[in-house]
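Structure record follows, encoded as structure tokens.
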Amino acid sequence: MKYLVDTMLSAMTNSRGCSCIYSLFPRISTSKLPPAAGSNTTTADGPNSPRQLKQPPPSDGKLRQRVPLIDYNDIIIEILSRLPVRSLLQFRCVCKSWRALISNPHFVTKHLSHAVLTCMNNTRTFTLFISSTRIHSIVHIALNDQQCDSHVRVTVKELDFPVMIPDIVLTRIVGSCNGLICLQVNCNKIIIWNPCTGQSKVLPKPLYSGSLFYGFGYDSTTDDYKVIRGSSKTTLGSKEVTIQVFSLKSDSWRSADDDHENYIHLEGKGCFLNGALHWVEVSMVASRILSFDLAEEKFKEKLPLPYLGNKNCVFVGVGVSKNCLFVYSYPLEMDLRIWVMKEYGVAKSWAEVVKISLDQILPEERNESFKPLCILENDEVLLDYKRNILALYNPKGKTFRNIAIGTQSEVVVYMETLVSPVTGRGTDI
């Protein structure tokens, strides 16, 4: 079965169009299929039909092993679930049943599962979503084993913004999860968007304006996508943080009932992993990782940071790569260091994977923004530099390769899926 699926998948992905699909799956009459073991060999034409299938008597006195029936519908579903979104959007035109299948929530979930595995196992190609004020694009980057710029293939696809919004001043990426991008436009207009399918949803206005910290993720316990905003308000002369939660299922905002501390030191975008959003809180006392559980809708765990002894190193950011958390330091007075938590929640599993020495960073650039996006094969690191340059750092050769140069953009690692921003599942595209 697996060999047949892989063979047909290869033929389909190398085809020039949808017309080849019919040659891959010709109409098979039940009278031409070999019967399964123990089945009645009489066809639908009746027991006296000349098309009745009969098993020849075994010559050795033993029952011959019969070839099992093949369910071609299952094969089609297996193949389609492994194809890229671009191909599936084209294959909707094959027939009504395929259009219904590709929009089916169970198929969308199956396709998502394959996409997740592909992203985890493929360390030489990756996809990014890049957003500036008015220009948004999906960037595919393919690397090979040669360490030079000419061996990095970059494909850029510019996108049409799905909603007409006049006078856009600021666009901020709230988060990316399962192929959905959450964007904040100007102050309080928030959009969930699937750039591959073009579908989008404008969220209701939040309860409070402004946000110190924010994030977007998936709650597997309720099969729901949620947006988190931490807003600051002043009560009786002191600042307090109110946490707002948007549920895609209920299509509404609510305040989180949480006896939380005053998280006024949190800021920026949280990264999603294991059903929670994570931030590094930097205060005058110490740094720590805080996680907001999307199922319970409250801050639950304070994950330990790497122990560095007497070394004066402040971790300022957190990210996710290869399904693991990583943290990074600020390269102002010390080297830029990246540590990976190889086992979630276990302090002893922290391991330093990359160190970029200060002498490799120009003095005038040390106070600029260096943000690691992901850690690739051989511990290569994709860096977002000054929100303007994407660079690949190779720790073995201690070299930088500029991959793309943009204009004051935000970047997130992206995965192409069919998930609907309206329902969080499948829908008619």
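The values are calculated or read from the model by the stated rules, or taken from the named source; none is laboratory data. Predicted, not measured: the structure shown is a model, and the values here were computed from it. Keep in mind that these areas ignore ligands, DNA and RNA; they rest on the heavy atoms of the full protein, side chains included. Shrake-Rupley method; radii C 1.70, N 1.55, O 1.52, S 1.80 Å.
When all protein chains stay in place, what accessible area (Å², nearest 10, 1.4 Å probe) is found for T155?
70 Å²
Quote to one decimal, in nm, the extra length available between D224 and M120 on full extension: 0.36 nm per residue of separation minus the C-alpha distance between them.
Gain on extension, D224 to M120, equals 35.2 nm.
Could you sort D335, D167 by accessible area so the largest value comes first, with the probe set to 1.4 Å?
Largest to smallest exposure gives the sequence D167, D335.
So between E343 and E296, what do we pick up on full extension, going 0.36 nm a residue minus the alpha carbon distance?
Full extension from E343 to E296 adds 14.7 nm.
Keeping all protein chains in position, work out how much accessible area K269 exposes to a 1.4 Å probe, and write it in Å² to the nearest 10.
60 Å²
Sort S220, S250, S87 from largest to smallest accessible area, using a 1.4 Å probe on the heavy atoms of the protein chains.
S220, S250, S87
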